[in-house]
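Before any comments, here is the structure.
The values are calculated or read from the model by the stated rules, or taken from the named source; none is laboratory data. Keep in mind that this is a model prediction, so the values were computed, not measured. A quick note on method: Cβ atoms are made from the backbone with ideal geometry, for glycine too, and the neighbour counts reach across all protein chains shown.
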Amino acid sequence: MPNLTKIVNLVREIYKQSGFKEPRRPGKREFSDLYVCQLVVVQNLKGYTNESEFLRYLTNHPCKAFPKIPTQSCYNHRSKKLGAVIEVLTEAVLKKLKVDKTKIRIIDATGVPVTKFYRRWKTKAFNDSKFFGVGYCHAKKERYYGVKLTLIASQQGIPVTYHLMPARRHDVKALEPAVKDLTGIWLIGDKGYAGKKIHQRLKLKQRIKVIIPKRKNQKIRNTRWEKRKLKHRRLIEVINEQLKDHFNLEKLRAKSAEGIQARIRNIIFSYLMATYFNKKYHRNLLSIKGILS
């Protein structure tokens, strides 16, 4: 059975086991939320950022998994409205992967540009300063305009949750919002998440212990156990690189704030489904690119 069919069936299996019931809506709908969700996962795993190009590919390469192809406008509109079903499916997949059995989590932030930097003031769709802003990418040594994605993953490389904020804000500002639904974990991050008061609040309220590399001028040093765990930070950097390289996180091509949020949500869910696929079929958990190549 081709991997594409396996992925489609896997999404259907999770959907049925989750018990999600699609809400009744006025009018007749030709495509269910499950069908659109399956299309979204395949699109992202194939590496398509352009919806028209993806639908054209399905038209030119017919497959039994998708007997009917929606129009571009229908698909674009429906893919934005998958928030409720993806939330339920994400919870079901994480339960299948037994993420709650491990208490180690890794956190990291990465920039997501939404438009060319020189066009930042000309694009009215992205002028909301509460969601977008100017950030600086240390790796590329350049400024960008967009949002900052804070991703939290398990020790095995499974994305657990994420948070979006304006790119201009410091990494540590996303720490509390990103872990609001987590308790009793060890959170590993870089020096950007230094903040004594925030760490104390998380420890008292949510039993979250934040582990970051100690600075050279600090008297307290990392223990041997902490140094071993800090080496896992490389894992989330690999995840971010895959999101940018194969899932085109930096080329979202959305034209609204709603579109940006929807595409990031769909990409992370597709990545999660890919890790579940690899786990189920005894593949390397982070071998994402070769699934539908």
Q.
I want to confirm something. Restricting to segment 222-244 and keeping residues that are touching a residue at least 12 places away in the same chain (Cβ under 8 Å) and over 18 Å from D171 (Cβ atoms), which single residue is nearest to the chain's Cα centre (by Cα)?
A. Q242
**Q.** Selection within segment 199-221 - within 22 Å of E237 (Cα to Cα) and touching a residue at least 12 places away in the same chain (Cβ under 8 Å)
**A.** I208, K209, V210, I211, I212, P213, R215
(Q) Can you go through V147, V134 and tell me which one is farther than 30 Å from L285 by Cα, touching a strand residue (DSSP E or B) at 6+ places or on another chain (Cβ under 7 Å) and of a type in the set (A, V, I, L, M)? (A) V134
Q) For N44, are the conditions met, namely being of a type in the set (S, T, N, Q) and touching a helix residue (DSSP H, G or I) at 6+ places or on another chain (Cβ under 9 Å)? A) yes
Q) Can you name every residue in segment 133-158 that is in contact with a helix residue (DSSP H, G or I) (Cβ under 6 Å, 6 or more places away or on another chain) and part of a loop (DSSP other than H, G, I, E, B)? A) G157, I158
Q. Which of the residues belonging to segment 150-162 are in contact with a Phe, Trp or Tyr (Cβ under 7 Å, 6 or more places away or on another chain) and either closer than 18 Å to S287 by Cα or small (G, A, S) (or both)?
A. P159
Q: Would you point out the residue of segment 239-287, among those that are assigned by TED's automatic domain parsing to the domain that holds K81 and of a type in the set (V, I, T), that is nearest to N44 (Cα to Cα)?
A: I267
Q) For residues in segment 156-198 being in contact (Cβ under 8 Å) with a residue 24 or more places away in the chain and of a type in the set (S, T, Y), which is surrounded by the most Cβ atoms within 10 Å (Cβ to Cβ)? A) Y193
Q. Only one of these conditions is not met by L89: (1) closer than 17 Å to F269 by Cβ; (2) in contact (Cβ under 8 Å) with a residue 12 or more places away in the chain; (3) out of contact with any Phe, Trp or Tyr (no Cβ under 8 Å at 6 or more places or on another chain). Which number is it?
A. (3)
Q: Please find, among Q261, Q218, Q242, the residue that is surrounded by fewer than 20 Cβ atoms within 10 Å (Cβ to Cβ) and under 19 Å from F132 (Cβ atoms).
A: Q261
Q.
Residues that are aromatic (F, W, Y): list the helices (runs of 4 or more DSSP H) wholly contained in segment 22-112 that include at least 1 such residues.
A. 33-46, 51-60, 72-80
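Conditions (1) closer than 30 Å to I188 by Cα; (2) not assigned by TED's automatic domain parsing to the domain that holds S154, marked per residue:
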residue	(1), (2)
E51	no, yes
K68	no, yes
V112	yes, no
T123	no, no
